[in-house]
Each structure stands twice: as C-alpha cells, then as structure tokens.
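Heads up, the thing below is written out as structure tokens.
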Amino acid sequence: MESTMNMPCKPTRHKLQPKSWLASLALTLPMALILALLLSGGPAAFVQPDRRFAFLCVWLLDIVLFFKMMRSGKTDRYRAVLFIAFAVALSVSFITRMIEVRGSMAFDNADILQCEVPFCHIVTTMIIIPAILTESIIFPGRIEGGYADISSMLVIVAGALVILGRGFCSWGCFYGGWDDAFSRIRKRPFWKNPPPILRWGGFAVLLLVATSSAALLLPTYCDWVCPFKVVTEYEAVESTRSALKALVFVSLFLALVIVLPLLSKKRTQCAWFCPMGALCSATGKVLSPYQVRIDTETCLKCGKCTRTCPMGALDADSLTSGRTGIGCSLCGKCVDACPSGSISYNVRMSGIGRSPGLSRILFLYAGFTFLAVFSGGTLQQFILLVLGALTHISL
Ligand code: SF4
Ligand code: SF4
C-alpha cells in the first residue's frame, strides 16, 4: 500500500463531463425554471425593483454555478461558492437584524422566557426525546412567525434527513460554510494525520446532548457549547455563569471553526463535533438514496481522495471496500480529485449505478435545488441589506 499510495496519477478526461456545452445548457434549463419558480417569492414581491434585483442576482448566480457544474463535470468548487456565501450572508443579515430590532446580539432572560429566540436545525437533536417523553417542545423558540420558526425549520430538517442524509452538511447547513471556508485556505495541511477516532466525536456529542436535554429538559448544546453563538445570538453576559458560557462559545468557535480547519484542512466542527451531522449520518445510512462509491477495479490506490476528503470519510479500507465512511457529506471533492474517475455519486437501488453521469445529475438536482432554495431567501436579504447600506451612504 505504501508504494502505491505515492504513485503519480495520470489525469484523464472526467467521465461526468457532458460532451458539448449545448448538453450542459439543456441540463441547466430545468434547474433555471425550478429556481425561478421557487425563489421569486410570488408576483407581489416581484413588483418591487430592489427585490426584483436581489432575486435576479441570486437566480443568475445559481444558474451560472449549476451550468459550470454541468459543463466542467466538477462539483465541489461550485457548490462551495454557494455554500460559503450562504453561511456568511446568514450571519451578516442575522446579526444586522438583531442589532436593528434589539440593539444587540445578546438575549436576556426575559427575551428567552417570552420565546423571542430563533430556532436552528441543530436544536432538533435536543428536542426529539423530550418531545416523545413529555409531548412538548423544550426549546423556547416561536412555533410560527419570526426569523426562523420551529414549524418550517422542522419540515426542512425532516426533508433533509430523508433526502440528503449527511449530504445536509455540504448542501444545506447554514453554518457549514464557515469551517468549509477555513479548511480551504492553506494549500497543504500542517496537521496531516488527525486521529481517525475523532470522526466519532459528533456521535459522542449527540449522545451527550440528547440525554442531557432529556434529563434536564433544556437545550444543553445551545445553552453551553454551540460555537456558532459567536456569529448569531447569545445569552447576555450578566453573571459568572453567562461569562463562562461566552468564553466556551468563543473558544470553540476559534478552535473548531478557524484554527483546526486551517491546520488540518478538515471541516473539524462539522466532522468531529456537530450533533446534527451525526444525526444526519445515522438517518442518511438508512433513508437517503444517495451515496458516493469507489470503483475498486479502476482505482489506482494513489491516495489522493483520502488526503483530499475534508470530512475524514475515506481511508485505505474505503479503497478496498468501495464505500465511504459514515461521515461522507457528498461534497464531491473526492469525485473531482480522483485522477482515474473511479469515484462517483450513486443512487441506491435505482439500477443506474453503472451510469455515474446520470447518478450525479440525479443527485445534483436534489442537492443543488435544496441548497439554492434554502440559501435563496438569505442571499436575497443580504443583497437588500447591501443595497440599503449603499443608498444610506449615497444620501
Ligand atoms: S479512488 Fe481515485 S483518488 Fe482515490 S485512490 Fe483510487 S484512483 Fe486515487
Ligand atoms: S468521501 Fe468524498 S464526497 Fe464524501 S465527504 Fe469525503 S470528499 Fe466529500
């Protein structure tokens, strides 16, 4: 294995690449129509010039990225543009709105008791057991209305868990773009071989937060360890306890979202710590039709994919079994990197496993639609925010 892992790999034309740009255009047109319908916000919103402009910018960005995916046969680099933009736009527009409405990113206890706090998908990991045991939702977020209400978020999460499985971590999550971005900055990892056991960290966190939330009837992850409090909202620092929480939030954000992804080129928050990622893995293995497979007969055993995978989901065993590990988020980075085209998307039990191009298109129609629609409102809101700021400056 040692000698073959270092073999030079001869690049070949990727078999996922359509033969002509017309074929790529034909594959992009249905996506353009789907997104025009789902992103426009209806005729009432469309008559306002600034909203029309925001919609057109986001729609054009989406279809250019999708066309580039089709034309180049590459997935990850175009996915990452939208995914990272989503994470940054969400935080910027969310913080701006918090400051506009409340004057600060901090919530005090009165806000929390009045259920004025937003709900995010990670909360799902803490409310399931208490909901079964007590028939109540323990998170004090709004049931409907507001920035991110529970009812719409639960519907979106349920859809993602079934359709995308762990693919949610690369095609849906509005936080994932943060460590994805930092994991791309360095060309080579400084920390080359993180211990494989860290891949199970998210499952340990899931077990801990699910049981502690059930025992205490409190959303313990949000309350104590969510790194993304730094880029959304947090409990006001008014006591030693809340100061300690703030210290934990900042430390985890710096370590898991910035420093470790920079050093290891892995998405350490998503791969090692996030309980939602672990839940997606578990449901995805059973329910999601999509997976990434390796053709062990054509594989050159060069090891490029195992070094490239940002989730640590590939190792030497994957190259002999043909299967990715449980952390695979379907990002497509290994598919793009493989010099022999041995890695491909696959649709389980569809009978089209031997047609990697078709499997990829079927996956991209699901994954890209989910990402484009889920991010669409946030990106439009971000553009409106920038337009508003520019208008304010010019006045
Ligand atoms: S699957 Fe591709 S990238 Fe991975 S070891 Fe085989 S040839 Fe190399
Ligand atoms: S195995 Fe491939 S598709 Fe899955 S997370 Fe790793 S690089 Fe992405």
Go through region 37-89 and report how many residues are under 14 Å from residue 171 (Cβ atoms) and of a type in the set (Val, Ile, Thr). 3
Which one is surrounded by the most Cβ atoms within 10 Å (Cβ to Cβ) among residues in region 40-53 that are in contact with a helix residue (DSSP H, G or I) (Cβ under 9 Å, 6 or more places away or on another chain) and assigned to a helix (DSSP H, G or I)? 51
Any idea which of 60, 33, 56, 37 is of a type outside the set (Phe, Trp, Tyr), assigned to a helix (DSSP H, G or I) and closer than 15 Å to residue 374 by Cα? 37
So residue 314 clears everything in (1) of a type in the set (A, V, I, L, M, F, W, C); (2) within 12 Å of ligand 1 (Cβ to nearest atom); (3) touching a residue at least 24 places away in the same chain (Cβ under 8 Å) except one condition, right? Which one? (3)
How many residues does region 308-341 hold that are of a type in the set (Ser, Thr, Tyr) and surrounded by fewer than 23 Cβ atoms within 10 Å (Cβ to Cβ)? 4
Would you confirm whether or not region 184-195 contains a residue that is among the aromatic types (Phe, Trp, Tyr), farther than 17 Å from residue 310 by Cα, part of a loop (DSSP other than H, G, I, E, B) and in contact with a Leu (Cβ under 8 Å, 6 or more places away or on another chain)? no
Single residue of 222, 169, 173 found to be part of a loop (DSSP other than H, G, I, E, B) and either small (Gly, Ala, Ser) or under 21 Å from the mean Cα position of the chain (by Cα) (or both): 173
State all residues of region 237-260 that are outside any helix (DSSP H, G or I) and surrounded by 14 or more Cβ atoms within 10 Å (Cβ to Cβ); if no residue qualifies, say none. 237
Which numbered condition in (1) within 9 Å of ligand 1 (Cβ to nearest atom); (2) over 22 Å from residue 66 (Cα atoms) is the only one that residue 338 fails? (2)
Tell me yes or no: at least one residue of region 137-146 is in contact with a Leu (Cβ under 7 Å, 6 or more places away or on another chain) and either at pLDDT 85 or above or hydrophobic (A, V, I, L, M, F, W, C) (or both). yes
What number goes with the only condition from (1) within 24 Å of residue 203 (Cβ to Cβ); (2) part of a loop (DSSP other than H, G, I, E, B) that residue 263 does not pass? (2)
From the list 280, 305, exactly one residue is under 23 Å from residue 361 (Cα atoms), crowded, with 24+ Cβ neighbours inside 10 Å, modelled with pLDDT of 95 or more and in contact with a Leu (Cβ under 7 Å, 6 or more places away or on another chain). Which is it? 305
Of the residues in region 339-360, how many are without any contact (Cβ under 8 Å) to a residue 40 or more places away in the chain and not small (Gly, Ala, Ser)? 3
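The values are calculated or read from the model by the stated rules, or taken from the named source; none is laboratory data. What you are looking at is a predicted structure, and each value in this text was computed from that prediction instead of being measured. Neighbour counts run over all protein chains shown; Cβ positions are idealised from the backbone, glycine included.
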